[in-house]
1. Ranked from highest to lowest mean number of other Cβ atoms within 10 Å per residue, what is the order of the peptides A:89-98, B:59-68, A:23-32?
2. Just the number, please: percent antiparallel of the DSSP beta bridges in the protein assembly as shown, rounded to the nearest 5.
3. How much of the calculated P(r) for the protein assembly as shown lies past 28 Å, in percent of all Cα pairs?
4. Put a dot 7 Å past each Cα toward the Cβ at A:Thr76 and B:Leu114; how far apart are the dots in nm?
5. Across the residues of B:36-48, average count of Cβ atoms on other protein chains within 10 Å?
6. Relative contact order for chain A using alpha-carbon pairs under 8 Å, separation at least 6, rounded to a whole percent?
7. For the range A:5-65, take N as its residue count and report Rg(C-alpha) divided by 2.2 N^0.38 Å.
8. Ignoring solvent entirely, what values of log10 I(q)/I(0) come out of the Debye formula for the range B:63-114 at 0.12 Å⁻¹ when each Cα is a single scatterer?
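Every number here is computed from the coordinates shown, using simple stated rules; none is lab data. Fair warning: this is a prediction, and the values are worked out from it, not measured in the lab. Note that each Cβ is placed from the backbone with ideal geometry, even for glycine, and that neighbours are counted across all protein chains shown.
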Amino acid sequence: EPEVTQTPSHQVTQMGQEVILRCVPISNHLYFYWYRQILGQKVEFLVSFYNNEISEKSEIFDDQFSVERPDGSNFTLKIRSTKLEDSAMYFCASSERGRGADTQYFGPGTRLTVL
Amino acid sequence: AQSVTQPDIHITVSEGASLELRCNYSYGATPYLFWYVQSPGQGLQLLLKYFSGDTLVQGIKGFEAEFKRSQSSFNLRKPSVHWSDAAEYFCAVGFTGGGNKLTFGTGTQLKVEL
């Protein structure tokens, strides 16, 4: 069964450093997402991406965040200058289409720790 | 803005007992409703979803959920819990128009006693 994969599974970085989280969505899916979950809190939407453009972003997704589809398979989330409060589990998801009823398939997550 | 409430943070049931996990949502129109499960070290796996039609939906692993518009609820049920069901369960809502982000509840951690 096709699945979303994410690398690395764990990332430890120093405050102020840049990190890139990588995702490989399901191959025939066209819509991609990033969510995050701070420990003990809700899973929160960050951004959705379609046709090489951001289609929606939350207020969390400020200028320090960016997303990119650098090739036909990868989807990345970059955090330019990490802060302590960026420590969280980051989930990538993809869906075949972008309608509200469409199932989003999630990857296993990347745990980011900012020291 | 839409919101999702899962009132129970932790639930413990005995293996073989029935299970009901509660989920309430706040949204002005008919939402799309989802239940996801997360086992340790795993991603979020879809159990079932409701988007129209029959208000009782069947999912994987023997789970079902019922959409009750009058109560703004979408509770997850299973008649007989197995030890392997121990995990964290998330209710989520999507909505028509204006994007396709999911809004999640805080999750319910299920423990199964043997």
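1. Ranked by mean Cβ neighbours within 10 Å, highest first: A:89-98, A:23-32, B:59-68.
2. 90 percent
3. On the way: 7864 of 26106 pairs.
So the portion of pairs separated by more than 28 Å is 30 percent.
4. In this crude label model, B:Leu114 to A:Thr76 measures out at 4.6 nm.
5. Per-residue shielding by partner chains comes out at 4.
6. Values: 277 pairs, mean separation 43.8, N = 115.
It comes to 38 percent, rounded to a whole number.
7. For the range A:5-65, the normalised Cα radius of gyration is 1.23.
8. The Cα Debye sum returns log10 ratios of -0.37.
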